[in-house]
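These notes concern the structure reproduced below.
The values are calculated or read from the model by the stated rules, or taken from the named source; none is laboratory data. Remember, predicted model here, so these are calculated numbers, not experimental data. Counting neighbours? That spans all protein chains shown, and the Cβs are built from the backbone with ideal geometry, glycine included.
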Amino acid sequence: MVRLGGSYDTARLSALVFLIAAPAMNEPPGGSVDSTVELLQRAKAGDSAALDRLFTRCLPALRRWSSGRLPRWSRDLLDTDDLVQETVIRVVKRIDTFELRHEGALLAYLRQAVMNRIRDELRRSHRTPGTAALDDNERDRGASPLEMTIGQEAVERYETALARLRPEEREAIVARIEMDGTYQDVAQALGKP
């Protein structure tokens, strides 16, 4: 027997998954037709048969309602029936916290839970980058490792040469080459005519 609101027996959850995946069944022959309120109260008390009957009653309507609500472009490995199944399993784990206010509240709660799960799936699919075909003949426009090494060596030689100059000469070279100044700008920076 499953204990509602606490830890769950994996065999019991597996049976519920089978129940969800199985086609809709009618109420057992000769069994009394209990209201959803009564079944939920019994399920909260730990009656696993009531829980089975409750979800057997709700699942066909929930499947019909949710069918096709997950757009094709957002599906990868997940189908709408998978979302329903996942949602019902989550609800079963928290059934003892559900507050029943009227007949049909459980189905409305399940619909809202499935809708929220569909919205989550849509958000997830928007965050996932699209796929693009790569061209094998596309050339990298960045510098090659050889060009980067040559450039790094050139910078090192430039800095070594600058270190050998007097401070005034160094300032003139930096103003002309690095700052891209005109000869007039260099003369003005150095205070020369």
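What the table shows:
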quantity	calculated
Flag for residue 107 being surrounded by 12 or more Cβ atoms within 10 Å (Cβ to Cβ), assigned by TED's automatic domain parsing to the domain that holds residue 67, in a helix (DSSP H, G or I) and touching a Ser or Thr at 6+ places or on another chain (Cβ under 7 Å)	no
Failed item, numbered, when residue 52 is tested on (1) surrounded by 12 or more Cβ atoms within 10 Å (Cβ to Cβ); (2) modelled with pLDDT under 80; (3) closer than 28 Å to residue 42 by Cβ; (4) among the acidic types (Asp, Glu)	(2)
Residues of segment 106-145 that turn out to be touching a residue at least 12 places away in the same chain (Cβ under 8 Å) and within 30 Å of residue 57 (Cβ to Cβ), as a count	12
Residue within segment 152-173 that is among the polar types (S, T, N, Q) and without any contact (Cβ under 8 Å) to a residue 60 or more places away in the chain present	yes
Residues that are more than 50 Å from the chain's Cα centre (by Cα) and exposed (fewer than 11 other Cβ atoms within 10 Å of the Cβ), drawn from segment 133-167	157, 160, 163, 164, 166, 167
Selection count where residues are under 17 Å from residue 94 (Cβ atoms) and modelled with pLDDT under 85, scope segment 107-119	1
Out of 122, 83, 100, sole residue that is part of a loop (DSSP other than H, G, I, E, B), surrounded by 10 or more Cβ atoms within 10 Å (Cβ to Cβ), in the same structural domain as residue 48 (by TED's automatic domain parsing) and among the hydrophobic types (A, V, I, L, M, F, W, C)	100
Some residue of segment 174-183 being out of contact with any Cys (no Cβ under 6 Å at 6 or more places or on another chain), farther than 30 Å from residue 66 by Cα and exposed (fewer than 10 other Cβ atoms within 10 Å of the Cβ)	yes
